[in-house]
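These notes are about the structure you will find just below.
Nothing in this text is a laboratory measurement; each read-out follows from the coordinates by a stated rule. Because the structure is predicted, anything quoted here is derived from the model rather than measured. Here Cβ is always computed from backbone atoms with ideal geometry, including for glycine, and neighbour counts include all displayed protein chains.
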Amino acid sequence: MSKDKTTNSVTRKIVVLEHISLDGVIQAPGGPDEDTDSGFAHGGWIAPYSDATLGTALRKQMNMPFDLLLGRKTFDIWAPYWPQHGDIWPGANSATKFVASNTITSSEWQPSVFLSGDVAEKVAKIKQQPGPDLHVWGSSNLIQALIKHDLVDVFWLMIYPITLGSGKRLFADGTLPMAFKVTESIISPNGVIVVNYERAGAITTGN
C-alpha cells in the first residue's frame with residue numbers, strides 16, 4: 001500500500017506479475033493446456049528456465065500480503081487447483097479473490113467477489129478501500145482494461161530469453177504512454193531477468 005499525498009489516505013497498489021517472453025507474450029507459460037486460444041501451441045514455455053534464484057524471487061512475491069485481482073479464465077484455472085495445494089501457496093486461498101466476469105457470480109473457492117459491468121470503475125473504487133495490494137497474475141484480457149484506464153502501479157516481470165512469435169501480449173493495443181523506474185532487478189543463472197517496474201509519472205522526451 002502507499003500514501004496518497006493529496007488525501008493522506010492509504011491506497012492499494014495494483015501489481016501485475018507476469019512471466020513474459022522477449023517479444024511480450026504472456027500466454028500459457030505454465031503448461032500445454034493452460035490456454036490454447038487462437039491455436040497457441042507453446043504452452044509451458046517457462047519450464048526449461050526454472051532455477052533456484054527464480055524460485056526464491058517467486059516465493060518472496062507469493063509470501064507478501066495481497067489480495068488477488070483475476071480475469072475469469074485465470075480464475076477458472078486456479079479455482080480447482082489451489083484449494084488442493086494450499087501447502088504450496090496458502091496465501092492464494094486466504095486472499096480475497098476479485099474476479100472480473102460477466103458470466104459467473106459464485107464459486108466454492110472463497111473468499112471471492114465477482115465484478116461485472118464496468119470493471120475498471122469498480123477496481124478503481126476497490127483500490128481506495130482498506131486492504132493489501134492487489135496482485136494480478138495471468139488475466140491478459142483484464143490487464144488490457146487496467147492499463148487502458150491507468151490503474152496499474154507496478155509491473156513485476158520475469159523476462160525469459162525466448163521469443164514465441166504469437167500469443168497474447170502484455171502490452172497490446174490501447175497501452176498508454178507510461179514512465180517507470182526500476183526498484184529491484186536480478187538475473188537468474190538460466191537468464192531470466194526479474195525486474196520490478198514502479199510508475200514514475202509522465203514520460204519525458206529529449207530536445
Likely footprinting exposure, 76, 23, 133, fewest C-beta neighbours within 10 Å first | 23, 76, 133
Points 7 angstrom from Cα along the Cβ direction at residue 62 and residue 76: gap in nanometres?
-> 2.4 nm
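Could you state the orientation-averaged shadow area of the convex hull built on the Cα atoms of region 2-199, in nm² to one decimal? Intermediate results must be reported in sequence, preceding the final value.
Details: hull surface 45.5 nm².
Reported value for the Cα convex hull: 11.4 nm².
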Mean shadow area (nm²) of the C-alpha convex hull around region 59-148 is 5.7 nm²
What residues qualify as long-range amide H neighbours of residue 114, i.e. H under 5 Å apart, gap of 5 or more or another chain, H built at 1.01 Å from N?
-> 99
Using a simple spin-label model with points 7 Å from Cα along the Cα→Cβ vector, what separation in nm is obtained for residue 193 and residue 120?
-> 2.9 nm
Low-density loop positions, GluC sites (Glu not before Pro), region 104-207 - DSSP coil, at most 14 other Cβ in 10 Å = 108
Extension gain residue 11-residue 108, at 0.36 nm per residue separation less the Cα-Cα distance, in nm?
-> 32.0 nm
Based on DSSP H runs of at least 4 residues, each adding -39500 (n - 2.57), what is the mean residue ellipticity at 222 nm of the chain after dividing by all its residues, to the nearest 500 deg cm²/dmol?
-> -5500 deg cm²/dmol
